[in-house]
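One structure is given here, and the rest of the page talks about it.
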């Protein structure tokens, strides 16, 4: 995959700045991660269905730059972490009401968009295979030297405007 500047821009936070990974094809993503990542649906409802509960949002860091709202998050179902993400949300491409709901930080972006009825699609730009030796955040269970999987994704509105760009990394699932 040709790496886009937009992807590199998401790697500037403290957890990802030295991230070592391989770009992989969808059929190289191990199960159950392939089912969780290799689709054009939103991650919030995908994770909720897989884990059998409501996805809750924990924000580590947030801020604004010239055209975006940025946040680094952990999504959980109950106490279980189900996704780490770094996201740039283009508030100018959303209604003021949606923008306010997003920046309140009470719900994941996918939940807010789904509840609003706004038409959008996920457009994965690539899939990541990440060594547990190089990415060992304290909020994920230990990998024991294994691999994590993730994706670079864009959420695109029905009008073709980019709503958000996201790096989504899933924790190891117990077999």
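Just so it is clear, none of the values below were taken in a lab; they were calculated from the coordinates. Owing to the predicted nature of the structure, the values given are computational and were not obtained by experimental measurement. Using ideal geometry, Cβ is built from the backbone for each residue, glycine included, and neighbour counts are taken over all protein chains shown.
Taking the C-alpha atoms of region 91-156, how large are the radius of gyration and the largest Cα-Cα span, Dmax, in Å?
For region 91-156, the Cα-based Rg and Dmax read 16.0, 45 Å.
Rank by packing, highest mean first: peptides 40-50, 56-66, with packing defined as the count of other Cβ atoms within 10 Å averaged across residues. Walk me through the numbers on the way to the answer.
Values: 40-50: 17.5, 56-66: 12.2.
Going from most to least packed, we get 40-50, 56-66.
Ranking request for peptides 71-80, 164-173, 132-141: highest mean number of other beta-carbon atoms within 10 Å first, then the rest in descending order.
On the way: 71-80: 17.1, 164-173: 21.5, 132-141: 13.2.
The most tightly packed comes first, giving 164-173, 71-80, 132-141.
Taking 8 Å as the Cα distance limit and 6 or more residues as the minimum spacing, I'd like the relative contact order of region 5-170 as a percentage.
Details: 303 pairs, mean separation 43.0, N = 166.
For region 5-170, the relative contact order is 26 percent.
For the chain, what does the helix formula give at 222 nm: sum of -39500 (n - 2.57) over DSSP H segments with n ≥ 4, over the residue count, nearest 500 deg cm²/dmol? Numbers along the way, then the final one.
Numbers: 5 runs with 37 residues, N = 175.
When only DSSP H runs of four or more count, the value is -5500 deg cm²/dmol.
Given just the C-alpha atoms of the chain, how large is their convex hull per residue in cubic angstrom? Could you put the intermediate results ahead of the total?
Details: hull volume 20.1 nm³, N = 175.
Dividing the Cα hull volume of the chain by its residues yields 115 Å³.
For region 135-175, what does the equivalent ellipsoid look like in terms of its semi-axes, each the square root of 5 times an eigenvalue of the Cα gyration tensor, given largest first in whole Å? Don't skip to the end; give the middle numbers.
Details: eigenvalues 181, 18, 11 Å².
In descending order, the three semi-axes are 30, 9, 7 Å.
Please compute the alpha carbon radius of gyration of region 64-121, then divide it by the globular-protein estimate 2.2 N^0.38 Å. Two decimals is fine. Don't skip to the end; give the middle numbers.
On the way: Rg = 11.9 Å, N = 58, 2.2 N^0.38 = 10.3 Å.
Taking the Cα Rg and dividing by 2.2 N^0.38 Å, one obtains 1.16.
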